[in-house]
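The values are calculated or read from the model by the stated rules, or taken from the named source; none is laboratory data. Not measured: the values here are computed from a predicted model. Backbone-built Cβ (ideal geometry, glycine too); neighbour counts: all protein chains shown. Ligands, DNA and RNA are excluded from the accessible area calculation, which covers all protein heavy atoms including side chains. Shrake-Rupley method; radii C 1.70, N 1.55, O 1.52, S 1.80 Å.
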Protein chains: 2
Amino acid sequence: MAETSKLKSGPSKGPERLAVVRGEQSSPAPYLRLPTGMRDHAPAAASARRRIVDGLLATFERGGFARVVTPAFEYEEVLALGLGDAARAATFRFVEPSSGEVVALRPDITPQIARLIATRYRDELGPVRLCYEGTVVRLERGARGQRELMQAGVELAGVAGADGDVEAIALAVDALAAVGLRRPTIDLGHLGLAREVLSSLALPDAALGEARRCIAKHDGAGLSEVLKQAGGARGAIEFARLLPELSGAPRVLDDARSQAPNGGIKRALAELAAIVAVLDSRKLDARLHVDLGEVRGFDYYTGVRFQAFVPGAASAVLQGGRYDDLLARYGRPSPAVGFAVDVDAVVGALESSAGAAPASKRKPRGRNKS
Amino acid sequence: MAETSKLKSGPSKGPERLAVVRGEQSSPAPYLRLPTGMRDHAPAAASARRRIVDGLLATFERGGFARVVTPAFEYEEVLALGLGDAARAATFRFVEPSSGEVVALRPDITPQIARLIATRYRDELGPVRLCYEGTVVRLERGARGQRELMQAGVELAGVAGADGDVEAIALAVDALAAVGLRRPTIDLGHLGLAREVLSSLALPDAALGEARRCIAKHDGAGLSEVLKQAGGARGAIEFARLLPELSGAPRVLDDARSQAPNGGIKRALAELAAIVAVLDSRKLDARLHVDLGEVRGFDYYTGVRFQAFVPGAASAVLQGGRYDDLLARYGRPSPAVGFAVDVDAVVGALESSAGAAPASKRKPRGRNKS
């Protein structure tokens, strides 16, 4: 009776260790540890998470977004279609034993929703509005040292330009308000603009990467140094030099437009200005902050990119943007915009504000540029 | 600008395939498939799942069970302490790249809760009541061909014997009622009894396995054949021969007690009878069914084992039992009992009853013995 005797003597790998544990029961067994970045959530945190996810999903559903669930892992080759280099490098992969094929734990749910829209919603003529919640895992340790992150988010396919962007940003603000985070700072950037500026510099690849890093860090001096190698049009180089400074209240858009060197950059600035104007007219309960030096999220974003910051959370509680090329990678070209809420960051912000002065009295925290 | 050019030409692995997909957009790309057993859940199913999980957790919390969240994977060696041979064989393992150590996707959440009780709740003197929801993944293809299963369950540590068993079973019935599954059939077995009977047969290991299979399949003829090799006491062998028949309304316990060959078996039968008596006195809204031939779940169950069946679901919608040895494997000996609800089986049962005659008019479906 193999199983019974195994039960009595302990699992095959562990009998010596079990003996040790049984022999020293006064303190927790040191080997009962978790992998780096993985954690248990005790009752208070677990309940807070669930309440927040419920509040977010209820808001998404009221906004017309239908909830879907995608699997924890899928074929690496399918998932990778929708991942950029950084996300692909952060992906846990393993060989699926029954097929011998490589599968990957999702580091991001957006590519899965794109796949779903490209398959189940392939023949849908109008806009597709989907929402989700779930955990993602990433090799890199993110904010709070975590590698398993709980996210809740939406994807809106089929609504191009400012209409879709405004719908997504307004829903983001509503959803945060629904879980108790009122008047967030919404940081607006534009990946199309950053890409346009960088590509007009005629810089070698290595220098281009360095230029991006300098812009992301708001390092004007470092950027000026890199730009000495630039061979593009003088106006584009001068505009690039300004990027680290073009950050602040939406009026920086006016400064930027007066100095925009070409049509592509002007169009991106006009798009941002249109979004700001509509959000203003809707009296969105948020502070708008424009950062034209926003160069993160190159992986799939193509247009506006937005993040929400609140007091008590060091990193963004919500990130999103427009990704008009992603669905085409899955064979169903369509404009799309979406965002994901970092649920644990929201838990942290709420805990912090519960133990501190009213949120409205406090200054928003700085952003961690990477 | 490496990332931008990658965006334009498609991911490194896929440009030829992308070209193919873009060339034939009339049908979904055939390679956008999911690994065997993994699936997406469309809005109706996703909402139903969420509603059910919410209803279950609300019932668990009203019953005094605090919700915790455990990670999707952890060190294989830690998880395996709480897994039997079958569950270990069904576990997805991979090497965690940053540490080079083997981690495992959880095939079962109970060992994680046991680890949590052995660490965070180590110094708790009274009973510990925890509940959870989450997905597990298993290599074997389970009911409905799924390998990623959504579960919601409870674990009650520190309440020994019938008191704990009755609390768990009554909560199970309440939880199912809360999500619309009234008057389930509760199938009661006793792993301690089966183990006691089997170990008293003096059968070689291979024949013992065969005897278990025959009992599980209610195959009396096959069992008689195997028992010819048995060298144990005549009374024990005769009692073993009866096991496939000792299944039905709780009065089979009386038949069994009259023929019980030894004290261990009598004690197990008395335990079951005590549980049935208390459940009867509480007017539990369920049909009780006793199956003394219940020999599945050898992995960690030690005493009563229960399953809930409802019309419209071919397999159990809920499984649980007493596992008094499991916590000791994590260094904190304590009696414990718990159960997990198969959320997708509940979704299926509710869908089936919504499209059929009222549940009370239908006969419960047969059980799939493995």
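Quick rundown of the values:
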quantity	calculated
Hey, B:V69 open to solvent by 10 Å² or more (accessible area, probe 1.4 Å), touching a Phe, Trp or Tyr at 6+ places or on another chain (Cβ under 9 Å) and within 24 Å of A:Y132 (Cβ to Cβ) or not	yes
Of all residues in segment B:74-131 being polar (S, T, N, Q) and within 8 Å of chain A (Cβ to nearest Cβ), the one that is surrounded by the most Cβ atoms within 10 Å (Cβ to Cβ)	B:Q112
Residue in segment B:37-48 that is in a helix (DSSP H, G or I), open to solvent by 40 Å² or more (accessible area, probe 1.4 Å) and at pLDDT below 90 present	no
Any hit, segment A:111-120, residues being among the hydroxyl-bearing types (S, T, Y) and in the same structural domain as A:A249 (by TED's automatic domain parsing)	no
Meets criteria (modelled with pLDDT of 90 or more, away from every other protein chain (no Cβ under 14 Å) and farther than 29 Å from B:R182 by Cα) for B:L227	yes
Residue count, segment B:203-219 (criterion: under 23 Å from B:G248 (Cα atoms), open to solvent by 10 Å² or more (accessible area, probe 1.4 Å) and within 21 Å of the chain's Cα centre (by Cα))	4
Which listed residue is open to solvent by 40 Å² or more (accessible area, probe 1.4 Å), more than 7 Å from every other protein chain (Cβ to nearest Cβ) and modelled with pLDDT under 50, from A:R17, A:R62, A:R51	A:R17
Which numbered condition A:A194 misses (of (1) over 23 Å from A:A48 (Cα atoms); (2) of a type outside the set (S, T, N, Q); (3) part of a strand (DSSP E or B); (4) modelled with pLDDT under 95)	(3)
Segment B:158-167, residues that are touching a strand residue (DSSP E or B) at 6+ places or on another chain (Cβ under 8 Å) and either at pLDDT below 95 or buried (at least 24 other Cβ atoms within 10 Å of the Cβ) (or both)	B:D165
Residue, farthest from B:V341 (Cα to Cα), within segment B:313-326, restricted to residues that are within 11 Å of chain A (Cβ to nearest Cβ) and buried (at least 24 other Cβ atoms within 10 Å of the Cβ)	B:L326
Hits in segment B:220-246 (condition: surrounded by fewer than 17 Cβ atoms within 10 Å (Cβ to Cβ) and either part of a loop (DSSP other than H, G, I, E, B) or small (G, A, S) (or both))	B:G220, B:A221, B:G222, B:S224, B:K228, B:Q229, B:G231, B:A233, B:G235
Helices (runs of 4 or more DSSP H) (entirely within segment A:73-190) containing at least 1 residues that are β-branched (V, I, T)	A:76-80, A:110-119, A:161-178
Conditions (1) open to solvent by 40 Å² or more (accessible area, probe 1.4 Å); (2) more than 7 Å from every other protein chain (Cβ to nearest Cβ): number failed by A:L57	(1)
Close pairs (8 angstrom Cβ cut-off, 6 or more residues apart or separate chains): within 10 Å of another protein chain (Cβ to nearest Cβ) in segment A:195-208, among the basic types (K, R) anywhere	A:L198/A:R212
Which numbered condition B:P261 misses (of (1) touching a residue at least 40 places away in the same chain (Cβ under 8 Å); (2) closer than 27 Å to B:A316 by Cα)	(2)
Filter result (within 27 Å of A:Y75 (Cα to Cα) and in contact (Cβ under 8 Å) with a residue 24 or more places away in the chain) within segment B:40-75	B:A45, B:A48, B:R49, B:V69, B:T70, B:P71, B:A72, B:F73, B:E74, B:Y75
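A quick yes/no check of all residues on (1) surrounded by fewer than 21 Cβ atoms within 10 Å (Cβ to Cβ); (2) modelled with pLDDT of 95 or more; (3) in contact with a helix residue (DSSP H, G or I) (Cβ under 9 Å, 6 or more places away or on another chain):
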{"residue": "B:E140", "(1), (2), (3)": "yes, no, yes"}
{"residue": "B:L156", "(1), (2), (3)": "no, yes, yes"}
{"residue": "B:I169", "(1), (2), (3)": "no, yes, yes"}
{"residue": "B:T185", "(1), (2), (3)": "yes, yes, no"}
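A quick yes/no check of all residues on (1) under 23 Å from the mean Cα position of the chain (by Cα); (2) surrounded by fewer than 24 Cβ atoms within 10 Å (Cβ to Cβ); (3) modelled with pLDDT under 95:
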position	(1), (2), (3)
A:I265	no, no, yes
A:R282	no, yes, yes
A:L288	yes, yes, no
A:G297	yes, yes, yes
A:G303	yes, no, yes
A:P335	yes, yes, no
A:A357	no, yes, yes
A:P364	yes, yes, yes
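One line per residue, one yes/no per condition, for (1) more than 30 Å from A:A58 (Cβ to Cβ); (2) acidic (D, E):
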{"position": "A:R183", "(1), (2)": "no, no"}
{"position": "A:D187", "(1), (2)": "no, yes"}
{"position": "A:A202", "(1), (2)": "yes, no"}
{"position": "A:L208", "(1), (2)": "yes, no"}
{"position": "A:I215", "(1), (2)": "yes, no"}
